[in-house]
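Remarks on the structure that follows.
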Amino acid sequence: MANIFNNPVKIYALGGLGEVGKNTYCIESVNDLIILDAGVKFPEDDLVGVDYVIPNYQHLKDNQTKVRALFITHGHEDHIGGIPFLVKMVKIPVIYAPKLACALIKQKLEDQKIKEKVKLVEYDQDSVITAGCFKVSFIRVTHSIPDSFGICVDTPEGRIVNTGDFKLDLTPVGPDFELHKMSKIGQEGVDLLLADSTNAEKEGWTPSEKNVLDSINEIFDKAPGRLIISTFSSNISRIQQIVDCTIKHNRKIVIVGRSMINTVDIALRFGYIKIPSGMIRDVDTMRDLKESETVILCTGSQGEPMAALSRIANGTFKGLRITPGDTVVFSSSPIPGNGASISKIVNQLTREGANVITNSVFVDLHSSGHPSCQELRMNLKLYNPKYFMPAHGEYHMLKLHGDIAKSIGIPADHIFILGNGDTLLLKDHQIIDGDRVTAEDVFIDGYDINGVSTAVIRDRKILQDDGMVSVMLVIDSKQTCLMCDPKIITVGFVSYGKYEDHLTRHASIYLKEALNELFGSKKVTFNDIKNTVRSVVSKYFFRKTQRNPMIIPLVMNKIS
């Protein structure tokens, strides 16, 4: 088998498997390598001080001379958000993307002041692109953002199809799904299919985007005052529906949140959104409107602390705060892991007097852009792949999607449930498992591509949960003795007034005793002193408070 699989085509993910986000899939031959998407994942609450999670690009850097192109399926952040970090680390000769995604990528590179020269080339459903030994073509799909595509890659060893994000929407807001092309590619033969697994746990069909319109209209009819509607800035179809309802109900729209403003501006310029002249107001001129004439469109539907909706709820958004009688609408579903953040903001909005409406079985405020089980079955039937690799989803979603493939007749040993870094080897239309490539997470604080180490994340977690204790010592190293009692200061640890004084005073007494005993027993190093400080103080505070603060010893030595 090893000889048969000499010089195969490798298929692997650096991100997107076992998670929702940072989709980055690679196809690599002996001399050529192409990348499909370059996304980010937004951090969950336990990643303190982290702005983005991106894949480790070291493998791409090591194979720099083989990289031929980056192909983008659509303009969502989990597919384009990693580009600024990728191009800083790896020279990408050219990025091919649909029209809207091209505009969003260009704006993103400008916003982040990327100095590296990036060649952006627009493609459409008729494009056929040669990148090294690979021939790449495209299938228009329906999703929650215009210009979304699946990608078909013909390699010397067989055909690979990546569906991208899609749903089989037969009444879409925008162009139709190219089902005929999908069927034709399936009839010609697909060796390996990578397919979106996000809704693999949902039976039936994903509702059409047009189903949301009735629910939004009903909310407009019933809202007595201001309407504040939060959705994904990239959900262009939803934004247009909100605009249409605003026109119908003789209201004006105020757009807030940097990403929402940027996306709407781009969509307006390219004709993806149509808003009549004079309908958009800014926060300052909003005061001239009656509350019943006002619609505020903003970001923050996932409870992001720095997004517009969170700042409005907390009263930190300049010129805009919640007033009793406001109706706040979450026109999105929670991304896995964001439930706690969303609940927090919903409670805050309710405390401020807003009527909060979220997506539920009673109110269809959001239609997913991803396929449910019946669409997954149809997708598999039409493409009819020889081998199948579920993609884009948490592990249980991938597993369920694999079970769906098995139920329609794909052999179990032709289904691969992989993790990031696992490889498949394609040779002469046959596939086996390969070795792993480096693919761990990289945590980004700001725009530093070096990332934040797991040790730093661990320290930040301790600071967030248990606080910090500084212990200041003044010693005479020649006499090996303390010059004064240890001084202990707590930060973010305890704030119990007199009890805090009691804790720090007694901790100082115990530490002084331990240090005096240390000084009298042997020759002492500064490491010995610091280890004693950490041991004595941490044990005392844990015994008294059941918390483990970070202990920071500061040792000052007397100079003769």
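The values are calculated or read from the model by the stated rules, or taken from the named source; none is laboratory data. These numbers come from a predicted model, not from an experiment. Cβ sites come from the backbone with ideal geometry, for glycine too, and all protein chains shown count toward neighbours. Note: areas computed on protein heavy atoms with side chains; ligands, DNA, RNA excluded. Shrake-Rupley method; radii C 1.70, N 1.55, O 1.52, S 1.80 Å.
Evaluating D284 against the criteria (1) open to solvent by 70 Å² or more (accessible area, probe 1.4 Å); (2) under 21 Å from F232 (Cα atoms) leaves one unmet condition, (2). Is it the case that segment 86-96 has a residue that's of a type in the set (D, E, K, R) and touching a residue at least 60 places away in the same chain (Cβ under 8 Å)? Checked against the condition, which is being of a type in the set (D, E, K, R) and touching a residue at least 60 places away in the same chain (Cβ under 8 Å), segment 86-96 yields at least one hit.
For segment 263-279, give me each residue that is surrounded by fewer than 17 Cβ atoms within 10 Å (Cβ to Cβ) and either under 18 Å from V328 (Cα atoms) or touching a helix residue (DSSP H, G or I) at 6+ places or on another chain (Cβ under 9 Å) (or both). Answer for segment 263-279, where residues must be surrounded by fewer than 17 Cβ atoms within 10 Å (Cβ to Cβ) and either under 18 Å from V328 (Cα atoms) or touching a helix residue (DSSP H, G or I) at 6+ places or on another chain (Cβ under 9 Å) (or both): D265, R269, F270, K274, P276, M279. Can you find a residue in segment 201-212 that is open to solvent by 10 Å² or more (accessible area, probe 1.4 Å) and over 30 Å from S331 (Cβ atoms)? No; the residues of segment 201-212 include none that is open to solvent by 10 Å² or more (accessible area, probe 1.4 Å) and over 30 Å from S331 (Cβ atoms). Of all residue pairs spaced 6 or more apart or on separate chains, those with beta-carbon atoms under 7 Å, a first member in segment 260-287 that is under 22 Å from D111 (Cβ atoms) and a second member that is buried (at least 18 other Cβ atoms within 10 Å of the Cβ) and not aliphatic (A, V, I, L, M) are M260/S233; M260/C298; M260/T299; T263/S233; T263/S234; Y272/P146; I273/Q240. The one condition from (1) under 18 Å from T490 (Cβ atoms); (2) exposed (fewer than 13 other Cβ atoms within 10 Å of the Cβ) that I552 does not meet is (2). The criterion of being aromatic (F, W, Y) and without any contact (Cβ under 8 Å) to a residue 60 or more places away in the chain holds for F416. Filtering segment 176-227 to residues that are in contact with an Asp or Glu (Cβ under 6 Å, 6 or more places away or on another chain) and β-branched (V, I, T) leaves only V212. Considering the conditions (1) under 22 Å from V30 (Cα atoms); (2) touching a helix residue (DSSP H, G or I) at 6+ places or on another chain (Cβ under 9 Å); (3) open to solvent by 10 Å² or more (accessible area, probe 1.4 Å); (4) among the hydrophobic types (A, V, I, L, M, F, W, C), L109 is excluded by exactly one of them, (1). Given the criteria polar (S, T, N, Q), crowded, with 18+ Cβ neighbours inside 10 Å and out of contact with any strand residue (DSSP E or B) (no Cβ under 9 Å at 6 or more places or on another chain), does T246 qualify? Against the criterion (polar (S, T, N, Q), crowded, with 18+ Cβ neighbours inside 10 Å and out of contact with any strand residue (DSSP E or B) (no Cβ under 9 Å at 6 or more places or on another chain)), T246 does not qualify.
Assessment of segment 540-550 against the conditions (part of a strand (DSSP E or B) and under 24 Å from G467 (Cα atoms)) yields at least one matching residue.
Here T155 does not qualify as closer than 27 Å to I273 by Cβ, among the hydroxyl-bearing types (S, T, Y) and buried (at least 20 other Cβ atoms within 10 Å of the Cβ). Total residues in segment 159-215 satisfying the condition of being among the acidic types (D, E) and under 20 Å from K386 (Cα atoms): the figure is 3.
A single member of V90, V141 is surrounded by 15 or more Cβ atoms within 10 Å (Cβ to Cβ) and within 18 Å of E440 (Cα to Cα), and it is V90. For residues that are closer than 17 Å to K274 by Cβ and of a type outside the set (A, V, I, L, M, F, W, C), scanning just segment 213-243, find the one that is most open to solvent (accessible area, probe 1.4 Å). Ranking the qualifying residues of segment 213-243, first place goes to Q240.
The residue that is surrounded by the fewest Cβ atoms within 10 Å (Cβ to Cβ), among those in segment 369-418 that are closer than 18 Å to N199 by Cα and of a type in the set (S, T, N, Q), is S407. Applying the condition of being of a type in the set (A, V, I, L, M) and not in a helix (DSSP H, G or I) to segment 481-518 and asking which residue is modelled with the lowest pLDDT yields V494. Would you say H74 is out of contact with any Pro (no Cβ under 7 Å at 6 or more places or on another chain) and either within 21 Å of T263 (Cβ to Cβ) or of a type outside the set (G, A, S) (or both)? Here the answer is no, as H74 does not meet what is asked.
Is there a residue in segment 65-77 that is more than 21 Å from the chain's Cα centre (by Cα), under 21 Å from D196 (Cβ atoms) and open to solvent by less than 10 Å² (accessible area, probe 1.4 Å)? No, the conditions are met nowhere in segment 65-77.
A single member of D165, D169 is part of a loop (DSSP other than H, G, I, E, B), out of contact with any Lys or Arg (no Cβ under 9 Å at 6 or more places or on another chain) and crowded, with 21+ Cβ neighbours inside 10 Å, and it is D165. Residue pairs whose Cβ atoms lie under 8 Å apart, separated by 6 or more positions or on different chains, with the first residue in segment 294-315 and free of Cβ contacts under 8 Å to residues at least 60 places away in the same chain and more than 14 Å from V329 (Cα to Cα) and the second of a type in the set (F, W, Y) and part of a loop (DSSP other than H, G, I, E, B), are R311/F317.
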